[in-house]
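Comments concern the structure below.
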Amino acid sequence: MKNRTLGSILIVAGTTIGAGMLAMPLATAGVGFGATLLILILIWLLMSYTALLFLEVYQHHPIQTGLAALAKCYLGKIGYGITGFNMLFLMYALTSAYISGAGELIASTISAWTGQSFSSVGGVLIFTLMGGAVVCVGTHSVDFFNRILFSAKIIFLILMLAVMAPHIRIPHLLTLPLQQGLVLSAIPIIFTSFGFHGSIPSIVHYMGGHVRKLRCVFIVGSAIPLIAYIFWQLVTLGSISSETFIGILAQKTGLNALLEAARTVLNFSHVEVTLHLFSDFALVTSFLGVALGLFDYLADLFKRSDTAKGRFQTGVMTFLPPLIFALFYPNGFIMALGFAAIALAVLALILPALMVWKVRKIHQGNYQVWGGKPGLLLVLGCGFAVMGFQIDSVVL
Ligand SMILES: N[C@@H](Cc1ccccc1)C(=O)O
């Protein structure tokens, strides 16, 4: 059983650390390290708190119950519909982000190899065909690739932090926030980076619903990304001055801006290569997990058969909408991660707060998360605030 606890902690940390992390320095370039650190800690507290709220709900249900079924039980048909819609929206937005991010990386690699500029449209098509094929072939192939890539992601994360650490310059970390607006628009991206809540049902199931162990899994599993993100922000904001970063962001967008900043400032090829490889692994592992979830969800929703023809049809439904998004918005990586925050705010904040509100009226459970009604109201308020910040940054 001990192994399962450790395994679950790693699943939580592994699902959380992903492509959102790559967008973080781009979103916080003008925010300054101090403010970023505060936001990271607050969002971690919020996200681990709501994972515990889900646990409080689960103690009254069989461990195989899914999120939508829980919502139906406490929030009726409307709650069920809203949850299902937001799950789809979240998975589509994330898959779109991963496809456009990976397309950019592939295009920049091919350009560097051939010495000729290769458009990100080509990169997007190559990635969708390859990644889509792996997912359509089935869960076994995803599991196989994921194990290797997951280990590579963690190794390269540590390696990348180590090679970038000597380049930290303290004055860069002391820069104060430039504009309040930048802080607000960075929040949805950081928020998405702490998301893992879609995996809560499978982890509760895997751990047999053991509340004490699951508490540890969610707290420790989400604290590992917090530590990784703090170091990541230290090395990126510490080695690249915010003026340089903003200057580069004005010319280039998305992931290429991050790589370009590393190239101009750090000027060491091994740093750039490590950063590039980490980005590849982070994108691909996030993509496989989320795209497989979306594929299975659609297959179930539209009752597609498990034959080659049925899987092909589901594959088209899974990948065509994100592909169209990535083709229309070649630099849509950050934009799509921001949109994901809207659906995640519903699923990871508003939904658990409302469910626990109802649960406490109906049942007398053994396990009750600390904080009472003010805690739940605060979570609800944060949910609407995150949605508001994202909508605001799109509209302005
Ligand atoms: N945290 C993930 C995104 C994610 C959000 C919600 C659920 C699952 C995954 C990332 O950074 O890529």
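Observations
- Only a single criterion out of (1) within 16 Å of the ligand (Cβ to nearest atom); (2) open to solvent by 40 Å² or more (accessible area, probe 1.4 Å); (3) at pLDDT 85 or above is not satisfied by Phe150, namely (3).
- Residue satisfying condition, being over 17 Å from Leu10 (Cβ atoms) and either open to solvent by less than 20 Å² (accessible area, probe 1.4 Å) or modelled with pLDDT under 95 (or both), within set Phe196, Phe245, Phe231, Phe218: Phe245
- The number of residues in the stretch 11-32 that are surrounded by fewer than 22 Cβ atoms within 10 Å (Cβ to Cβ) and away from the ligand (no atom under 16 Å from the Cβ) comes to 2.
- Flag if Leu90 is within 18 Å of the chain's Cα centre (by Cα) and open to solvent by 40 Å² or more (accessible area, probe 1.4 Å): no
Residues checked against (1) more than 18 Å from the chain's Cα centre (by Cα); (2) in a helix (DSSP H, G or I):
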| site | (1), (2) |
| --- | --- |
| Thr36 | no, yes |
| Ile39 | no, yes |
| Glu56 | yes, yes |
| His61 | yes, no |
| Gln64 | yes, no |
| Ala68 | yes, yes |
| Lys72 | yes, yes |
| Leu75 | yes, yes |
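- Test: residue in the stretch 156-178 that is among the hydroxyl-bearing types (Ser, Thr, Tyr), within 15 Å of the ligand (Cβ to nearest atom), over 23 Å from Asn331 (Cβ atoms) and touching a residue at least 40 places away in the same chain (Cβ under 8 Å): no
- Test: residue in the stretch 269-291 that is among the acidic types (Asp, Glu), out of contact with any His (no Cβ under 6 Å at 6 or more places or on another chain) and touching a residue at least 60 places away in the same chain (Cβ under 8 Å): yes
- Sole residue being farther than 15 Å from Gly32 by Cα and of a type outside the set (A, V, I, L, M), chosen from Thr175, Thr192: Thr192
- Near pairs, Cβ below 7 angstrom, 6+ apart or cross-chain, from the stretch 40-64 (closer than 15 Å to Leu214 by Cβ) to any residue that is of a type in the set (Lys, Arg): Leu52/Arg215; Leu55/Arg215
- In this structure, Gly208 does not qualify as small (Gly, Ala, Ser) and within 14 Å of the ligand (Cβ to nearest atom).
The values are calculated or read from the model by the stated rules, or taken from the named source; none is laboratory data. Worth saying up front: this structure is predicted, and the values here are computed from it rather than measured. A quick note on method: Cβ atoms are made from the backbone with ideal geometry, for glycine too, and the neighbour counts reach across all protein chains shown. Ligands, DNA and RNA are excluded from the accessible area calculation, which covers all protein heavy atoms including side chains. Shrake-Rupley method; radii C 1.70, N 1.55, O 1.52, S 1.80 Å.
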